[in-house]
Every structure is written in structure tokens, then in C-alpha cells.
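Okay, so here's the structure we're looking at.
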Amino acid sequence: MLGFQAGHYPLADGESVLDCLLRHQQPVPYSCKAGLCQSCLVQAVDCQPPALATRGLKATLQSSGHAMACQWHPDSDVCVRLPDNQALSVQGHIVGLQQLNAVVMKLVVQADDPTALAECHPGQYLNLVNSAGTIRSYSVANDCRQHGRAEFHIAATAQGLFSHWLFNAASLGDVLQMRGPAGSCFYVADADQQQPLLLVGVGTGLAPLYAIVNDALAQGHQGPILLVHGASSTASLYYRAELRALAASHSKFSYSALVRAGAADADCQQGDAAESALALLAALPVAQTRVYLCGNAAFVHNLRKLVFMRGVRSANIFCDPFVERATQSN
Ligand SMILES: Cc1cc2nc3c(=O)[nH]c(=O)nc-3n(C[C@H](O)[C@H](O)[C@H](O)COP(=O)(O)OP(=O)(O)OC[C@H]3O[C@@H](n4cnc5c(N)ncnc54)[C@H](O)[C@@H]3O)c2cc1C
């Protein structure tokens, strides 16, 4: 039996806490259902969640009994409640909304307390909660540690709840709650500074990579830094001028864009981003190279396998698959 708020709900065999609550029409937020986005957090009442359901959560969340409802499959009676949103979140206001191309919006959120994001490494992700209670994960595209001003690049998604709100209803001054940070896709300053870095992303997968590149350059990374950005067409690319300027001012950094269709020029070729990344990898000392992969989940999972098979050590592969909301139980 699953206790939640004032009710008790029978759990089916092997069912997750999240699926049980959804089956009984309980108002619990969720997105990926894969133990990645952390949007389905619940808090255990008088019981201990299993380790699998707390994997990747901050130590403070683990010690206060928080767990991901999608990863918790109880084999005895348990009781959970929704977490205290205010205690978990940092409040901020929208201070910037700018379309970067037809389908990508740059969202800038200023935390009310400028020190509140001091632990957010560039490239990690935050869970944003809008006034309707929709919660989604978005990677931070800048260094927000000092001023608490976080930049996000958000793609319009057909029938997508959060992105539809962002593109059609959000305004400057709107309040957003931010939970996190989470994720391990960021520059590790105390690792080998000579290591080549290969960063590959598609679509808004550029957001965390842009943050990581800037962080690596700011921290004086010595090895080559190669960024490959894939998109369906030149119109779907963004930040080209910024990336060209960065490449012009930092000899270690190179940028190339790969598009499925459209005109080619010096830094933009027609072709496949994964193939191009593998060709670049072949010219690097593979066992020393650190690889960052972000964006569309299928793209990231596939390329992760390929770079591993080419000899990149798994400890040197950092991934952020942008897993979208699951629409059925899994
Ligand atoms: C770690 C992480 C980092 C991320 N970072 C970014 C980022 O930096 N930028 C970014 O743009 N995205 C990012 N994402 C993805 C993001 O969290 C959202 O999944 C994405 O923006 C879509 O959210 P949405 O609310 O607009 O769409 P949702 O409402 O979640 O819908 C998602 C998909 O499901 C479909 N769908 C919804 N309901 C139904 C239904 N009833 N039946 C059938 N289909 C349905 C929609 O058409 C859509 O294709 C990240 C995800 C993760 C896990």
C-alpha cells in the first residue's frame, strides 16, 4: 500500500511510486521517468527509500529522505509526501527572453538571492518550475555562480507544456522556481589541463557545451578544445558569431557546425555531426581525450557507444541526454 497525502493506494507488483500515484490521478510532477531529471521528487515519511531511488541526488536531499518516485519500486508499504517546494527551490525572475532562431529561446533568470546559485557549475542543469507547476530540466549555458543570473537555451517542442508556455505566455518579471543544480556534465578543473576536449551537441545541446567551453577557457585549459554543433539546417544553428569570435581569440579552440541541409561555408559543413566528431576523435590521442555529449537522447546514447568503442575511457565521457517526458509507464 502507498500512503500519499490523506489517501492510501494499492501498489501493483513491481510498480513505481510515480506510476502508482499517476494511476490514481494524484498530482505529482514528473518528466523523464528515467531517473535523470529529478522532477518527480517525493519525500519519504517514516521509511527509507532504496539507494537506486536516490542515485545522483545531492547529499542534503538524500539525508532528508528525498527520492525519485520513478525509480522507487517498493516491496512493502511506504508513505510519501510531495517535497516542500519552497525549501528545495531558489526563486528567480525572468530578466531576459530572446529568440536565438525560429525554434530556440534564450531565457535568462535572475535568482532573487544572487548567491543562491554559487554551487552551480557551468553546464549542470536546473529544474525550472513555472507558475502552473510544470517542472522541466534545462542546462545552464553560462557561469551563474557569481551573480545568480542563469541563461538557458530552450527549444520549442510540438505540444510541449513548458516550451509552449515559454514561447507564448512567459514575460519579463515572471517568477520561476529553480531546483538543483544536478548533473555531472561540466568542466573538471583539477583534471589534466592538457587533455584534448571534444564537445559534441545537437540543437540546444549547445547550451551546456557553450558553458563548458567558456569555463575551460576561463580556467586556462591548455589542451585543444573542439566543439561540433549539429543541426537540421543553417537556420537551426545559433551562437555562430559568438563561437567564431571565441575561436578567433583562442587558438586552442575550434568550432564547426554540421547541418543536414543548407549552404556550406568555412565553419559550417553539410553532413553528420556524429561522423564529423568521430573523424576529429581519430586525430586525437583517444585514451587521453575527454568527451562531452549533449542534446537529443538517442543521438547522445548512440555517440557515447561509438566513442567508447573507439577507445575513449568511460570515466572521460560526460553526457547529458535531453530525455523528454515519458508518455507511458516504463
Ligand atoms: C538533464 C536534462 C537537461 C535538459 N536540458 C535542456 C536544454 O538545455 N534545452 C532544451 O531545450 N531542453 C532540455 N531538456 C529537455 C527538457 O527538459 C524538456 O523535456 C523539453 O523542453 C520538452 O519539455 P516540454 O514541457 O516543452 O514538453 P513536454 O510537455 O514534456 O512534452 C515532451 C514531448 O512529449 C510529447 N507529448 C506530451 N504529451 C503527450 C501525450 N499525451 N501524448 C503523446 N505525446 C505527448 C510532446 O509532443 C513532446 O514531444 C533537458 C532534459 C534533461 C533530462
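Bear in mind that the values in this text are calculations on the coordinates, not laboratory data. Computed from a predicted structure; not experimentally measured. Glycine gets a Cβ as well: all are built from the backbone with ideal geometry, and neighbour counts include every protein chain shown.
So the values come out like this:
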quantity	calculated
Cross-chain or 6+ apart pairs with Cβ under 6 Å, region 236-256 first and in contact (Cβ under 8 Å) with a residue 12 or more places away in the chain, then assigned to a helix (DSSP H, G or I)	250/217; 253/246; 253/247; 254/247; 255/243; 255/247
Residues (farther than 20 Å from residue 313 by Cα and assigned to a strand (DSSP E or B)) located in region 198-226	202
Residue that is nearest to residue 71 (Cα to Cα), among those in region 1-39 that are part of a helix (DSSP H, G or I) and not hydrophobic (A, V, I, L, M, F, W, C)	19
Region 298-324 residues that are in a helix (DSSP H, G or I), paired with ones that are surrounded by 21 or more Cβ atoms within 10 Å (Cβ to Cβ) and small (Gly, Ala, Ser) (beta carbon under 8 Å, 6 or more apart)	299/205; 299/230; 299/273; 300/205; 303/277; 307/277
In region 182-197, the residues that are part of a loop (DSSP other than H, G, I, E, B) and under 21 Å from residue 128 (Cβ atoms)	183, 184, 185, 186
Strands (runs of 3 or more DSSP E) completely within region 62-144 that count 2 or more residues being within 20 Å of residue 177 (Cβ to Cβ) and within 12 Å of the ligand (Cβ to nearest atom)	104-111, 125-129, 135-139
Within region 40-59, considering residues that are among the hydrophobic types (A, V, I, L, M, F, W, C) and in a helix (DSSP H, G or I), the one surrounded by the most Cβ atoms within 10 Å (Cβ to Cβ)	53
